[in-house]
Every structure is written in structure tokens, then in C-alpha cells.
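Colleague: Provided herewith is a single structure, encoded as C-alpha cells, for subsequent inquiry.
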Amino acid sequence: MSETAIIYGDQRIPYVVNVDDKRTTRVAIHVEPDGKVIVDAPPGFAAEAIQAAVQKRARWVVSHVEDAKARFAHVRPREYVSGEQVIYLGRRYVLKVLPTLEKPRAVRLRGNRLEVETRSSTAEDVRSKVRAWYRVKARDYFAKRIAEASQSLPWIVEMPPFRLLEMNKQWGSCSADGQVILNPHLVKAPRECIEYVVMHELAHLKYHDHGPEFWQLLDVYSPQWRQSKGVLDAMVEVLAND
Ligand SMILES: [Zn+2]
């Protein structure tokens with residue numbers, strides 16, 4: 001990777017070139033959630049050709065960078081104090097930290113509040129309790145969704161094994177031996193987004209790659225998937241923030 005930049009109006013937009021062995025003809029430009037611009041280029045592509053390609057799409061790049069930065073500005077590091085917002089299945093709740101001298105009760109949702117009893121009241125203690133609560137909820141909810149979907153998908157004979165794994169840039173994956181892996185942060189997303197990720201991974205049990213047949217299958221069994229993916233992409237920084 002090497003950093004370089006284009007000029008658009010009075011702005012300098014830096015970008016990082018990533019040589020991608022799988023590409024053969026054109027470059028692909030994408031803007032990461034924090035506003036970083038990445039250009040995937042085929043091996044041996046001249047720097048001037050890459051720069052020209054980015055310059056040609058400068059207006060698109062600038063508008064995506066601005067969107068990303070505006071969204072990212074709202075994402076502050078969590079403090080795990082009362083009044084902070086927590087998200088679960090696409091709904092917002094208010095964190096309520098309840099100091100206690102007794103043995104703390106389990107974390108629970110009550111009305112619009114997520115109540116966390118703590119003896120130490122430190123951010124670390126509250127954070128670890130909230131994270132543990134999310135994992136339990138994620139395991140239960142995902143297992144239910146996978147079981148349900150498995151029954152209606154003709155290529156699945158029995159419910160595949162699944163596990164939780166925190167991943168940086170992925171909501172889910174499917175291993176070669178048929179294990180479904182889901183990101184516990186996904187349980188914060190709206191139900192239709194979870195549905196999409198589950199369907200996506202279950203479709204990989206039939207087609208392991210992202211070829212045209214894979215997307216056709218998804219279109220049949222999850223016709224709204226594009227919309228759900230869009231919602232999920234727009235929320236990525238909020239959902240992964242902890
Ligand atoms: Zn996939």
C-alpha cells in the first residue's frame with residue numbers, strides 16, 4: 001500500500017492503493033466508514049492510470065468522504081454511564097447504571113431502559129456486563145433465526161453449526177466445512193438486517209463464492225436484501241462502537 005492524492009476544487013483527497021491480484025482490468029474505488037479512500041488496482045497498473053481513474057470519479061469520491069465523515073462525527077467512544085444510548089434489534093434504549101452493595105442482578109431490559117447493576121460502577125465493569133448481555137442475546141436470537149430459515153431453505157438438510165466471533169469488517173462468514181460465523185454486534189441491527197446476513201451466510205452453504213448464482217438465490221429467498229444491506233452499511237460505525 002502507498003498513499004497518494006488527487007486535488008478536487010480546493011480539496012486534497014488522499015487515497016491508498018491496494019494491489020489486488022484478483023483484479024485484471026479496472027480499478028475499484030471505495031470509501032471506508034471513517035472516510036479513508038481505498039483504490040483496489042490490478043497488479044502492474046501504472047500510478048498515473050490509477051490517479052486518472054480516481055480523478056475521473058472525484059465528485060463521487062468527495063461526496064462519499066463527506067458523508068462518511070459526517071456519520072463518523074456522531075460516533076463517540078462509549079463511557080458506559082447512565083443516560084447513554086444502547087441499541088438492540090434496531091431499537092434505542094437508555095443505559096441505566098445501578099450501583100449496589102449486594103450481589104448484582106443480571107442485566108435486563110425494562111421498558112426503554114437497559115438496567116445494569118454494578119458493585120464497582122467502573123466503566124470496565126459495566127462494559128463487560130453489557131457485552132456479555134449482548135452475546136447471550138445474540139446467541140439466542142441468531143440460533144432462532146438460523147433454525148427458522150433452515151427449515152424453509154431446500155438445500156439445507158439440518159441446521160448448520162454456528163458460533164459468534166467479533167470481526168472488524170464483517171457481519172458474518174461461512175467456513176468451508178459449513179459453519180456459520182456471526183458477529184455479535186449484529187444483534188444491535190434491525191431484524192431485517194440480521195435476516196439478510198443470516199440468509200447471505202446460509203446461501204453460502206449452496207454456493208461458496210459470490211457468483212451470479214449466489215445472488216440469484218438470494219434474490220429469490222431474500223428479495224429485500226439490497227435495502228437491508230444499505231441500512232446495515234449506513235449503521236456500521238454505530239453498531240460496531242463499543
Ligand atoms: Zn458472502
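Colleague: Please report, in debye to the nearest 20, how large the charge dipole of the chain is about its Cα centre when each Lys and Arg carries +1 at its beta carbon and each Asp and Glu carries -1 there. Before the final figure, lay out the partial values.
Modeller: Working: 36 positive and 31 negative charges, 187 e Å.
So the dipole magnitude of the chain works out to roughly 900 debye.
Colleague: Among the aspartates and glutamates, which have Cα under 15 Å from the Cα of residue 229 when same-chain residues fewer than 8 positions away are ignored?
Modeller: 192, 195, 201, 219, 237
Colleague: Which of the lysines could be linked to residue 129 by a straight reach, that is with a Cα gap under 22 Å, when you skip same-chain ones fewer than 8 residues away?
Modeller: 96, 103, 137, 188
Colleague: Let me ask you something else. Specify the inter-centroid distance of segment 103-142 and segment 165-206, based on alpha-carbon positions, in whole Å.
Modeller: The distance from the Cα centre of segment 103-142 to that of segment 165-206 comes to 23 Å.
Colleague: Okay, moving on. Leaving out ligands, DNA and RNA, what percent of the accessible area of segment 166-242 is carbon and sulfur, probe 1.4 Å?
Modeller: Solvent-exposed carbon and sulfur of segment 166-242 make up 50 percent of the total.
Colleague: Tally the DSSP beta bridges in the chain and give the antiparallel ones as a percent, rounded to 5.
Modeller: 60 percent
Colleague: Along segment 124-136, what does the Karplus equation 6.51 cos²θ - 1.76 cosθ + 1.60 (θ = phi - 60°) give for ³J(HN,Hα), rounded to whole Hz, x for Gly and Pro?
Modeller: 4, 5, 5, 4, 5, 5, 5, 4, 5, 4, 4, 5, 4
Colleague: What's the FRET efficiency of residue 76 with residue 28 using the Cβ-Cβ distance as r and R₀ = 45 Å, to the nearest 0.05?
Modeller: Taking R0 as 45 Å, the efficiency between residue 76 and residue 28 is 0.90.
Colleague: Could you tell me whether segment 2-73 comes out rounded, prolate or oblate from its Cα gyration tensor? Rule is a ≥ b ≥ c as square roots of the eigenvalues, rounded for a/c under 1.5, then prolate if a/b exceeds b/c, otherwise oblate.
Modeller: prolate
Colleague: State the answer as a single residue: which of 189, 172, 240 lies farthest towards the positive end of the charge dipole of segment 165-242, with beta carbon charges of +1 for Lys and Arg and -1 for Asp and Glu, about the Cα centre.
Modeller: Toward the positive end, the furthest listed residue is 189.
Colleague: Something else now. Where is the GNM fluctuation largest for the chain (alpha-carbon springs, 10 angstrom cutoff): 45, 142, 162?
Modeller: 45
Colleague: Moving on to the next point. If I stretch the segment between residue 4 and residue 175 completely, what's the gain in nm (0.36 nm per residue apart, minus their alpha carbon distance), one decimal?
Modeller: That pair, residue 4 and residue 175, stretches by 58.0 nm at full extension.
Colleague: Defining a contact as two alpha carbons under 8 Å apart and six or more residues distant in sequence, what relative contact order in percent does the chain show?
Modeller: Computed over the chain, the figure is 12 percent.
Colleague: Taking all protein chains as present, what is the carbon and sulfur share of the accessible area of segment 84-138, in % to the nearest whole number, probe 1.4 Å?
Modeller: Carbon plus sulfur share of accessible area: 49 percent.
Colleague: Mind checking the per residue accessible area of segment 1-112 for me, 1.4 Å probe, whole number of Å²?
Modeller: 67 Å²
Colleague: Taking the Cα-to-Cβ direction at residue 132 and at residue 21 and moving 7 Å from each Cα, how far apart do the two end points lie in nm?
Modeller: 4.4 nm
Colleague: What do you get for Rg/Rh over segment 126-242 if you use C-alpha atoms and the Kirkwood form of Rh?
Modeller: 0.96
Colleague: May I pose another question? Could you calculate the FRET efficiency of residue 113 with residue 11 from 1/(1 + (r/R0)^6), where r is the beta carbon distance between them and R0 is 51 Å, rounded to 0.05? Walk me through the numbers before you get to the answer.
Modeller: Details: r = 44 Å, r/R0 = 0.85.
The computed FRET efficiency comes out at 0.70.
Colleague: What shape does the chain take by its C-alpha gyration tensor, where a ≥ b ≥ c are the square roots of the eigenvalues and a/c under 1.5 counts as rounded, a/b above b/c as prolate, and the rest as oblate?
Modeller: On the way: a/c = 2.56, a/b = 1.34, b/c = 1.91.
Here the chain falls in the oblate category.
Colleague: With both bridge residues required to lie in segment 2-73, what share of the DSSP beta bridges run antiparallel, to the nearest 5%?
Modeller: Bridges in segment 2-73 that DSSP calls antiparallel: roughly 75 percent.
The values are calculated or read from the model by the stated rules, or taken from the named source; none is laboratory data. Keep in mind the model is a prediction, meaning the values are calculated, not measured. Quick reminder, even Gly has a Cβ in these numbers, built from the backbone with ideal geometry, and neighbours come from all protein chains shown. Heavy atoms of the whole protein, side chains included, go into the accessibility calculation; ligands, DNA and RNA do not. Shrake-Rupley method; radii C 1.70, N 1.55, O 1.52, S 1.80 Å.
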